[in-house]
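Q: Have a look at the structure that comes next, please.
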Amino acid sequence: MSTATGTPGTGTASVDPGAGEPPALEVEDLVMHFGSVRAVDGISMRIDRGRVMALVGESGSGKSTVGRCIVRLLEPTSGTVRLAGTDVTSLSRRRLRPHRRDVSIVFQDPASSLDPRLTVGDIVGEPLRLLGGDRSRGARARRVGDVLEQVGLRRQVAERYPHEMSGGQRQRVSIARALVSSPRLLIADEPTSALDVSVQASVLNLLADLQRDLGFACLFITHDLSAVEYLADDVAVMYLGQLVEQGTRAQVFDSPRMPYTQALLSAAPLADPREQRSRRRVLLTGDIPSPVDPPAGCRFHTRCPVAVERCRSEVPALRLVAGRRVACHLVADDGTGPDVRLLGTEGPPHPAPPAGAGRP
Ligand code: SF4
């Protein structure tokens, strides 16, 4: 880890992660550059077994790239990814194979992630076939039927094709495919954002139920903060390729320390309309800068309402502060620091949150 002085994830686990067992995921100093685009620039994090960590940030922050590096859809420029204690970054494709079943990913848009030429049964069963193992064709079909039922579909849909199903049903198929190999870690990359608002809550509920029943760890990549509140144990906030704050959901949501986190949370719709009306919000000016040429010093300084001279030249370390990790020069070791929400406006009301979105 290049910048953190605390152990990744320290202070974020409130359940026994499995005495002596390695965490489901450890990422150390992960870097992913696409030519001159510095999409991910030195991320370290850890998810203990059975925990759900939300990775949040604006689009363009690099959060989906982190997920793709973890499942090796992208080969990271540098850094280490460990799944259940095994460094998978250095493994050849062949030696990686037995570890593939430890991690799965659900993508945003089931319409483009499911092969339209295959039946649902073939789609869901494909990982079992590719990963090998001793399952016969009949045993695989039974497993596919079982997992379809787990995601709330009838076994008979195995005979159908994706185009015969609704968006919500297709995302259930994606989830079934991701879980068929019983992974220890699920990456859920904006799993509801391409769905109709009316089915978003039911898919989130399904994920929450499956996670509780099956106990897999989850990296939940999202910009839907109400879904984070509902699903996540821990929260990591990304800005322009770097982590800027990480802690338990309560730490980050109830007392965010990093000005970017404060601004992000102040802009999220609240379920309670009275709180919504009285809440101050910070309007960040301008878009997230380009990752081709990120600002020097604190990358947030071009939009930070409380930036000082030092912020323009000196990179703030991600350090342990009041039990969570924060990267900001103005946050003291005891956690005191600016609250940019006090500078915010009591705005016109936000648009009402979609009915039921993010909450059961
Ligand atoms: Fe703002 Fe400076 Fe803190 Fe960055 S380091 S969040 S620019 S105050």
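Coordinate-derived values only; no laboratory data. Every value quoted in this text rests on a predicted model; they were computed, and no experiment measured them. Glycine gets a Cβ as well: all are built from the backbone with ideal geometry, and neighbour counts include every protein chain shown.
Q: What does the net charge come to around residue 45 if you take all other residues with beta carbon closer than 10 Å to its beta carbon, with K and R at +1 and D and E at -1? Display every interim value, and only then the final one.
A: Details: positive: 46, 325; negative: 26, 28, 234.
Local charge sum for residue 45: -1.
Q: Further, regarding this structure: Given R₀ = 45 Å, what would the calculated FRET efficiency be for residue 208 paired with residue 332, taking r from the Cβ atoms and rounding to 0.05? Show your work: numbers first, answer last.
A: Details: r = 36 Å, r/R0 = 0.80.
For R0 = 45 Å, the calculated efficiency reads 0.80.
Q: Placing unit charges on C-beta atoms (Lys and Arg positive, Asp and Glu negative, everything else neutral), compute the dipole magnitude of the chain about its Cα centre in debye, rounded to 20.
A: Numbers: 45 positive and 41 negative charges, 188 e Å.
It comes to approximately 900 debye.
Q: Given the peptides 56-62, 138-144, 171-177, arrange them by the average over their residues of other C-beta atoms within 10 Å, most packed first. All intermediate terms of the calculation are to be shown ahead of the outcome.
A: Details: 56-62: 20.9, 138-144: 15.4, 171-177: 26.0.
Per-residue mean Cβ counts within 10 Å order the peptides as 171-177, 56-62, 138-144.
Q: Shape verdict for the stretch 100-199, please, from the Cα gyration tensor: rounded (a/c under 1.5), prolate (a/b greater than b/c) or oblate. All intermediate terms of the calculation are to be shown ahead of the outcome.
A: Details: a/c = 1.88, a/b = 1.32, b/c = 1.43.
Taking the square roots of the gyration eigenvalues as a ≥ b ≥ c, the stretch 100-199 is oblate.
Q: In what sequence do 165, 32 fall when counting other Cβ within 10 Å, fewest first?
A: On the way: 165 18, 32 22.
Ordered by Cβ neighbours within 10 Å, fewest first: 165, 32.
Q: Checking the a/c ratio against 1.5 first, then a/b against b/c, what shape does the Cα gyration tensor give for the stretch 255-343?
A: Since a/c reaches 1.5 but b/c is at least a/b, the shape of the stretch 255-343 is classed as oblate.
Q: Show me 249-261, 64-76 ranked by packing, highest mean number of other Cβ atoms within 10 Å first. The partial results should precede the final answer.
A: Working: 249-261: 22.0, 64-76: 19.9.
Answer by packing, highest mean first, reads 249-261, 64-76.
Q: What is the distance in Å between the Cα centres of the stretch 293-331 and the stretch 134-187?
A: 44 Å
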